1. With the checklist (1) more than 15 Å from the ligand (Cβ to nearest atom); (2) within 22 Å of ALA178 (Cα to Cα); (3) surrounded by fewer than 24 Cβ atoms within 10 Å (Cβ to Cβ) in hand, flag the one item THR295 doesn't pass.
2. From (1) over 19 Å from ALA249 (Cβ atoms); (2) under 21 Å from the mean Cα position of the chain (by Cα); (3) of a type in the set (A, V, I, L, M), pick out the condition that doesn't hold for ALA173.
3. Which ranges mark the strands (runs of 3 or more DSSP E) fully within segment 239-291 that have 3 or more residues being assigned by TED's automatic domain parsing to the domain that holds ALA175 and within 14 Å of the ligand (Cβ to nearest atom)?
4. Can you run down the residue pairs with Cβ atoms below 9 Å, 6 or more apart or on separate chains, where the first is in segment 76-98 and more than 15 Å from GLY114 (Cβ to Cβ) and within 16 Å of the ligand (Cβ to nearest atom) and the partner is in a strand (DSSP E or B) and not hydrophobic (A, V, I, L, M, F, W, C)?
5. Which condition does GLN117 not pass, out of (1) at pLDDT 95 or above; (2) under 16 Å from PRO137 (Cα atoms), if it passes all the others?
6. Consider ARG191 against the criteria (1) closer than 18 Å to THR168 by Cβ; (2) surrounded by 17 or more Cβ atoms within 10 Å (Cβ to Cβ): it satisfies all of them except one. Which criterion is unmet?
7. Report yes if some residue within segment 113-131 is in a loop (DSSP other than H, G, I, E, B), in contact with a Pro (Cβ under 7 Å, 6 or more places away or on another chain) and either of a type outside the set (Gly, Ala, Ser) or not assigned by TED's automatic domain parsing to the domain that holds THR208 (or both); otherwise report no.
Amino acid sequence: MSTLAHCEYAPCRTSSKQENFSLLSKFSPASSHPLKYLLFLATLLVLASLLAAPGTAYSKSHDESVVVTGTMEVIVADTPQGQVIMTYFLHEDNSTQIYELLFTTISPPENLTGGQQVTVTGIPEGNQLQVETIELPKPNGKLPVVGDRYAVVIMVDLQNVKASTRYTRDQIATAMYALDSNGVPAPAGTRSVRELYQQASLGQLNFTPDTDNNGKPDVFGPFTINYSYTGTCDYQNWTAAAEAAAQQAGIDLNLYQHRVFVLPRYSDIPGCGWQGLANVGCTSFCRTWIAQAETPMTYAHELGHNLEMGHAGTPAPIRRTMARLIIPTATILTP
Ligand SMILES: [Zn+2]
């Protein structure tokens, strides 16, 4: 079975960078003022005409600015207070360098999403790039994501705080697919992520419960990783360790487009500050982190970001038809 039939881009983030973990907390929510955006576009048009041909991945521009081309990774965090915090990473072409893009002088373009090939002019400082201009690909009129989607759910226990003290595989499988962990259907009327997307897409989008075809929903763990929670949201290292543990246990992560991590509850890892986190857009695969797994809505919301949905109330342009169906952030806050 080809599980990658819908993949459109280069791989999602695979690197783990310590310096990125705590940065989420100091970002302010992305501004998307339309006037700023128009000004940005005008600036971009002028600067684009001045830029050298984008053949060089990394070349000196004026002053200390550099021009970097690469693939975008966008991560959205949904906080318990209802805030939305966007973080932007640029994976430089032909390099292992990953820049965190800081938008302090211009606003991020509204249609900036994971997997896009972009050219950024900015001032580098360590692994950060203060963005002066960003050149996006031309809109290509992509259709909404439809068809079968393949997700694996992995429960993650740290040494001292555990997802498994709060949740069971049965609960998670029920939230995702209205099945217990052995594949036995939940009582009629049980709401699930799968049901929600099937209804919202008029049957066109299906989260497949049993991609590995063993008769049981693909919900695994808990895997106890060799990390303790010490106040820092070290989620990227937790993720790398959990993926290693899962693969060691014989789970073929390559079967799946969505890697869903059920972490200890957000109140048990307050340094993270979010109930859910997700890649915006999905490349060959993408990740979703759930820190409030009591309700299917958290999963549905974060997986929606993987499918490039924005938040209800997100200003135009909304590119995906299904974006109109996105669940308001507030929904996940009132289970
Ligand atoms: Zn969200």
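1. It fails just one condition, (1).
2. ALA173 satisfies every listed condition except (1).
3. Details: elements: 258-262, 276-279, 286-290.
Passing ranges, in order: 276-279, 286-290.
4. Partner pairs satisfying both residue conditions: ASP78/GLY276; VAL84/ASP78; ILE85/ASP78.
5. Failing condition for GLN117: (1).
6. Going through (1) closer than 18 Å to THR168 by Cβ; (2) surrounded by 17 or more Cβ atoms within 10 Å (Cβ to Cβ) one by one, ARG191 breaks only (2).
7. Filtering segment 113-131 down to residues in a loop (DSSP other than H, G, I, E, B) leaves 113-116, 126-127.
Okay, now just the ones that are also in contact with a Pro (Cβ under 7 Å, 6 or more places away or on another chain), so 116.
From the residues that got through so far, the ones that are either of a type outside the set (Gly, Ala, Ser) or not assigned by TED's automatic domain parsing to the domain that holds THR208 (or both) too are 116.
The answer is yes, given that some residue of segment 113-131 is in a loop (DSSP other than H, G, I, E, B), in contact with a Pro (Cβ under 7 Å, 6 or more places away or on another chain) and either of a type outside the set (Gly, Ala, Ser) or not assigned by TED's automatic domain parsing to the domain that holds THR208 (or both).
Okay, residues lined up against (1) out of contact with any Gly (no Cβ under 8 Å at 6 or more places or on another chain); (2) modelled with pLDDT of 95 or more; (3) within 16 Å of the ligand (Cβ to nearest atom); (4) farther than 30 Å from ASN213 by Cα:
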site: VAL67; (1), (2), (3), (4): yes, yes, no, yes
site: ILE106; (1), (2), (3), (4): yes, no, no, yes
site: GLY141; (1), (2), (3), (4): yes, no, no, yes
site: ALA163; (1), (2), (3), (4): no, yes, no, no
site: ARG169; (1), (2), (3), (4): no, yes, no, no
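The values are calculated or read from the model by the stated rules, or taken from the named source; none is laboratory data. None of these values were measured; they are calculated from a predicted model. Every residue, glycine among them, receives a Cβ derived from its backbone with ideal geometry; neighbour counts consider all protein chains shown.
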